[in-house]
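Bear in mind that the values in this text are calculations on the coordinates, not laboratory data. In this text, all values refer to a predicted model and were calculated from it rather than measured experimentally. Because the Cβ atoms are built from the backbone with ideal geometry, glycine has one as well, and the counts that use them run over all protein chains shown.
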Amino acid sequence: MARILIAGGGFGGLVTAEILSAELGKEHQITLVAPNRMFTFYPGLVQLAFGATSIEDIRFDLEARLNELKIHFVKGNVTGIDRYDCTVDIVGDDYNGTMNYDFLVLATGPQLAIDRVPGFFDKSHHLLGVDPALRFGKAVQDFTGKNIVVGLCPGAKLPVAVCETAFALANRFEMEMAAEDVNIRVIFPESLESAFGGAHFSAQLEKAFSKHGINVLYDIPISEVTTNEVHSSKGHVIEHDLLMLMPPFRGHEMFQSLRAVDENNFLQVDEFMRVKDMLNVFAVGDAVAFTGPKFAHMAVRQAKVAATNLKAELEGRQPSEAYCHEIATIINANGPDSIYLHYGIWDQEMYKLKQGRLWSWAKDFHAARWQRQHA
Ligand SMILES: Cc1cc2nc3c(=O)[nH]c(=O)nc-3n(C[C@H](O)[C@H](O)[C@H](O)COP(=O)(O)OP(=O)(O)OC[C@H]3O[C@@H](n4cnc5c(N)ncnc54)[C@H](O)[C@@H]3O)c2cc1C
């Protein structure tokens, strides 16, 4: 019997658990450790903030789902990894101590590097959870000022959330914008291309922003936030009465001991999703050091690759399922300007761009299908 330990209960951890449970049968022990008993469908948080979906539609009971799959759930945080003893330290409600593993899958998502943007937590809204999304939604409802700023901090990896928030705000304040009582600005630290991993579709996205009256500003590396201003390391000062930023990400500090991290502490893996130079340790999702933005569909695909290769190793075979780094995403502009983008970050020949109202519906449909399949 092998002991398989999955750290993290987001997209990467849950999908890894589901596949291993289906593929391995009962003779192996699978444990998932996560600090929350609930799963949150993050791509639905913009919709939640604007009242276009409900909490029940984007959150479900992770522990109940794992019980169904006969996977042992431990509510806690993995706080340390010993690569030589093959143990992890866990601190939490259900368990405090050390746990052994034969295989480890690290799916702990990102950590916020907010120390890089002083003022972020006090002066800016964000959308990294149900409560912050609802708080932002309330601030939008109560808004009586003029300047709304939405932005991606340097090192932030979620450009879709920024774009969708800008479109939702433009929808909400359409009349006020026409009367020039409200203006909406979107800030990117570099170009649109670099925010989207090199995909060349800025003409279409810029056109959509412009059609909705949204001003886009490039090369603004946000470095500090005050009550009414956003400052950049290049000397820009931008006024705001309402601010929503995506903060910089980094990998967990505990990864440092593995000596397989990049300069931002993200885990370096090979094409089989094995952590570099480590035996029996895989990593998936936002915790991994691949270039470009981070997406749920990447975490899901990486989980499939990791689970397939873990099974192969367990059965004494060589891993053979390789990951290909690509973006497949929808930017919901709430209507005909919605964009579908499929772009190969490792294979630029792979490129598809479509636009239309259909993609707005497709995103809603996909969210509902995820809930049906995984809740
Ligand atoms: C507002 C918003 C909008 C988004 N929109 C889109 C979109 O439209 N399309 C898209 O594809 N992606 C989107 N994303 C990105 C997507 O949600 C992430 O890429 C995805 O959640 C990554 O999955 P993950 O499993 O790696 O990490 P997460 O989903 O962050 O899960 C990490 C898990 O690890 C747990 N954890 C953390 N630390 C520990 C620890 N020490 N020990 C154990 N467990 C731990 C967490 O509690 C959580 O359960 C959006 C994200 C946000 C915030």
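Things to note:
- Modelled FRET efficiency - R0 45 Å, ASP142 with SER257, Cβ distances, 0.05 increments: 0.50
- Remark: the stretch 114-248 carries a charge dipole of roughly 240 debye about the Cα centre, counting +1 on each Lys and Arg Cβ and -1 on each Asp and Glu Cβ.
- Dipole in debye (nearest 20) - the chain, about Cα centre, beta carbon charges: Lys, Arg +1; Asp, Glu -1: 620 debye
- Centre-to-centre, using Cα atoms only, the stretch 251-265 and the stretch 170-223 are separated by 33 Å.
- Lys/Arg +1, Asp/Glu -1 at C-beta; the stretch 242-352 dipole; positive extreme among PRO248, THR291, VAL281: VAL281
- When the P(r) of the stretch 92-131 is calculated, the portion above 12 Å amounts to 77% of the C-alpha pairs.
- The stretch 205-345 - convex hull of alpha carbons, volume per residue in Å³: 146 Å³
- Per the Kirkwood formula applied to alpha carbons, the chain shows a radius of gyration over Rh ratio, Rg over Rh, of 0.98.
- Cross-link table LYS26/LYS363; LYS75/LYS123; LYS70/LYS304; LYS123/LYS211; LYS138/LYS234; LYS138/LYS352, entries beyond 27 Å C-alpha to C-alpha: LYS26/LYS363; LYS75/LYS123; LYS123/LYS211; LYS138/LYS234; LYS138/LYS352
- Gap separating the Cα centres of the stretch 1-29 and the stretch 274-343, nearest whole Å: 16 Å
- Reachable lysines, given that their alpha-carbon falls under 16 Å from the alpha-carbon of LYS207 and they are not under 8 places away in the same chain: LYS354
- Within the stretch 197-356: Cβ-based charge dipole about Cα centre, in debye rounded to nearest 20 (Lys, Arg +1; Asp, Glu -1): 460 debye
- By the Cα gyration tensor, the stretch 114-248 has an equivalent ellipsoid whose semi-axes, rounded to whole angstrom, run 20, 19, 14 from largest to smallest.
- Listed residue (LEU112, LEU128, PHE143) projecting farthest to the positive dipole end of the stretch 100-163, Cβ model: PHE143
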